[in-house]
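These notes concern the structure reproduced below.
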Amino acid sequence: MMEKFQRFGGAMFTPVLLFSFAGIMVSIATVANNELFVGGLAAEGTLWHLFWKIVENGSWTVFNNMELLFVIGLPIALAKKANARAVMETVVSYLTLNYFINTILTYKDKAFGVDFSQDPGGISGLKAIAGIKTLDTGIIGAILIASIVIYLHNRYFEKSLPEFLGTFQGSSFVVMVTFAILLPIAFLICFIWPKVQLGISSLQVMMASSGVIGVWIYTFLERILIPTGLHHFVYTPFVYGPAVVEGGITQYWFSHLNEFAASKESLKTLFPEGGFSLHGNSKVFASPGIAAAFYYTARVENRKKVLAMMIPVTLTAVLAGITEPLEFTFLFIAPPLFAIHAVLAAFLAATLYFFGVTGDYGGGLIDFVTRGWVPMFANHSATVFTHILVGLVYTVIWFLVFRFLILKFNVMTPGRAVDPNAEMKLYSKQDYKDKKSGKTDSSENSVYLERAAAFLEAVGGVENIASVTNCATRLRLTVKEEGLVQDDAVFRASGAHGLVRKGNNIQIIVGLDVPQVREEFDNLVKYSKDKL
């Protein structure tokens, strides 16, 4: 069951990968069309204003169609076969459900306590999905329907029918079965969801009023659950769902960016819910402190190697907000350090919130600058400086705490062992020949192919693979016999940043290019099975 939750949580990150670029573009367009920054150049009616308005509206595509992205993204990650067809089945089924709901409420809205005559948006509880006026079930509805269709696809896509019914096999059969199931589900949603919306409203009020303590608990859970892969279930309802504000913190922040930037009220007053998106601060401010602690506790003769290893990892964590390579380094070596890290991350977020910092700060420094600091600087410069100052103070705290604990308990972080070669290979690569595919490739894809081939060999070959999926940075595998999986050092030598073992569940920490590596991995598995 834990494995299923981990795979599902990782799959939810598939569409989320698109949000960072879209958010940056919305922020840039917003600043470019703000007269506080560019003066009369941004006045309505100018070519400058029109150009950036076009850019801004195009950048909203991802956020305005978030439900559809989850409907598309989940089957890409979770369908065990014919992923593209699973996407088609899921989209058709999701649209069918919304047509069902639209028709039911058009004729019988009062029976379900809904005023369907209202325009979508606002507090109506309604939304237009692909032009269909329906109940606003948000990503919860999208994930529910996608899960049902993926289950049916994995079970029935290859079901054989009599020859005269052959036209109804495959995707047609999956859609037919789903159609029959969705009709009663549509009635249930019409009956239940308006009540759920009232409950969500109460939850939003409660969470928004939970203050510093609520922010501390939320941030601690988001960090401490990273090793399990379940942290996606913590932040997704807040950042992209309705846990504290309709549409999620990210969408709400961007849609009110100009309003917040123009106001002189404190950001905490304007947007208290933004305290639940401060978890990215530990990525930006903790990483340099931790890296410095690793450097200064390493043996003097190893410090140059440690520095060479830490610089790219730290820059990735600070700029892009991808911290797993750094965090898993000490998670593998000394799990208590990771627990301390989660506690400090929670205190950092709570301290920032106490001093009035709120917003959409779940990513890295690039997001901080474009989404928050630059747009807010004109009227909220004191908050921006407070944000930076508190963050840097905590950077020093992380350094001092980690340095003390590493020396006190003689933790073998990189560069401290007498023979530190295994640790020092954390980010090195060893060329692996493609022994299974029977083809050569001199293109850029050969890099991904070599790593995929090496990982496949290290987990015991294609015969040992039960299932494959991935999240933002990890290749997640279920193997048949865990004893066939080789030592962690083999994976690191093949280009992995680390390995997580939980029985038959193996997580290879690949990095941001995990989609490309997984593509080659899947091709190798398919090729090998075809040869058997």
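The values are calculated or read from the model by the stated rules, or taken from the named source; none is laboratory data. Because the structure is a prediction, the values reported are computed rather than measured. Cβ: placed from backbone, ideal geometry, glycine included. Neighbour counts: every protein chain shown.
Among (1) under 30 Å from Phe179 (Cα atoms); (2) at pLDDT 90 or above; (3) of a type in the set (Phe, Trp, Tyr), which single condition is Phe63 missing?
Every condition holds for Phe63 apart from (2).
Looking at the stretch 426-467, which of the residues that are of a type in the set (Val, Ile, Thr) and either assigned to a loop (DSSP other than H, G, I, E, B) or touching a Cys at 6+ places or on another chain (Cβ under 8 Å) (or both) is modelled with the lowest pLDDT?
Across the stretch 426-467, the extreme among qualifying residues is Thr440.
Within the bounds of the stretch 143-151, is there any residue that is outside any helix (DSSP H, G or I) and either in the same structural domain as Lys110 (by TED's automatic domain parsing) or buried (at least 18 other Cβ atoms within 10 Å of the Cβ) (or both)?
no
Exactly one condition in (1) over 30 Å from Ala32 (Cα atoms); (2) modelled with pLDDT of 85 or more; (3) touching a Gly at 6+ places or on another chain (Cβ under 7 Å) is not met by Leu267; state its number.
Here Leu267 clears every test but (1).
If I filter the stretch 216-224 for residues that are of a type outside the set (S, T, N, Q), farther than 30 Å from Leu97 by Cβ and out of contact with any helix residue (DSSP H, G or I) (no Cβ under 6 Å at 6 or more places or on another chain), do I get at least one hit?
Yes; the residues of the stretch 216-224 include at least one that is of a type outside the set (S, T, N, Q), farther than 30 Å from Leu97 by Cβ and out of contact with any helix residue (DSSP H, G or I) (no Cβ under 6 Å at 6 or more places or on another chain).
Test each condition in (1) exposed (fewer than 15 other Cβ atoms within 10 Å of the Cβ); (2) of a type in the set (Phe, Trp, Tyr); (3) in a loop (DSSP other than H, G, I, E, B) for Tyr107 and report the one that comes out false.
Of everything listed in (1) exposed (fewer than 15 other Cβ atoms within 10 Å of the Cβ); (2) of a type in the set (Phe, Trp, Tyr); (3) in a loop (DSSP other than H, G, I, E, B), Tyr107 misses just condition (3).
Is it fair to say Glu457 is surrounded by fewer than 15 Cβ atoms within 10 Å (Cβ to Cβ), more than 22 Å from Pro75 (Cβ to Cβ) and charged (D, E, K, R)?
no
Search the stretch 21-57 for residues being touching a residue at least 24 places away in the same chain (Cβ under 8 Å) and of a type in the set (Gly, Ala, Ser), and hand back the single one that is nearest to Met376 (Cα to Cα).
Here the answer is Ser27.
Could you please tell me which pairs satisfy a Cβ distance under 9 Å, a separation of 6+ or placement on different chains, a first residue in the stretch 492-521 that is at positive phi, and a second residue that is outside any helix (DSSP H, G or I) and hydroxyl-bearing (Ser, Thr, Tyr)?
Close Cβ pairs satisfying both conditions: Gly495/Tyr427; Gly495/Ser428; Gly495/Tyr432; Gly511/Thr473.
Quick check: is even one residue across the stretch 203-213 polar (S, T, N, Q), without any contact (Cβ under 8 Å) to a residue 12 or more places away in the chain and within 19 Å of Ala86 (Cβ to Cβ)?
Taking every residue of the stretch 203-213 in turn, none turns out to be polar (S, T, N, Q), without any contact (Cβ under 8 Å) to a residue 12 or more places away in the chain and within 19 Å of Ala86 (Cβ to Cβ).
Let me spell it out: the conditions are (1) small (Gly, Ala, Ser); (2) within 30 Å of Arg303 (Cα to Cα); (3) surrounded by fewer than 22 Cβ atoms within 10 Å (Cβ to Cβ), and Gly363 meets all of them except one. Which number is the exception?
With respect to (1) small (Gly, Ala, Ser); (2) within 30 Å of Arg303 (Cα to Cα); (3) surrounded by fewer than 22 Cβ atoms within 10 Å (Cβ to Cβ), Gly363 is out only on (3).
Restricting to the stretch 4-58, name every residue that is at pLDDT 80 or above, surrounded by 15 or more Cβ atoms within 10 Å (Cβ to Cβ) and of a type in the set (D, E, K, R).
Once the filter is applied, which keeps residues that are at pLDDT 80 or above, surrounded by 15 or more Cβ atoms within 10 Å (Cβ to Cβ) and of a type in the set (D, E, K, R), the stretch 4-58 yields Lys53, Glu56.
Residues checked against (1) in contact with a Gly (Cβ under 8 Å, 6 or more places away or on another chain); (2) surrounded by fewer than 21 Cβ atoms within 10 Å (Cβ to Cβ); (3) part of a helix (DSSP H, G or I):
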| residue | (1), (2), (3) |
| --- | --- |
| Trp253 | yes, no, yes |
| Glu259 | no, yes, yes |
| Gly274 | yes, no, yes |
| His279 | yes, no, no |
| Ser287 | no, no, yes |
| Tyr296 | no, yes, yes |
| Arg303 | yes, yes, yes |
| Leu307 | no, yes, yes |
| Met310 | no, no, yes |
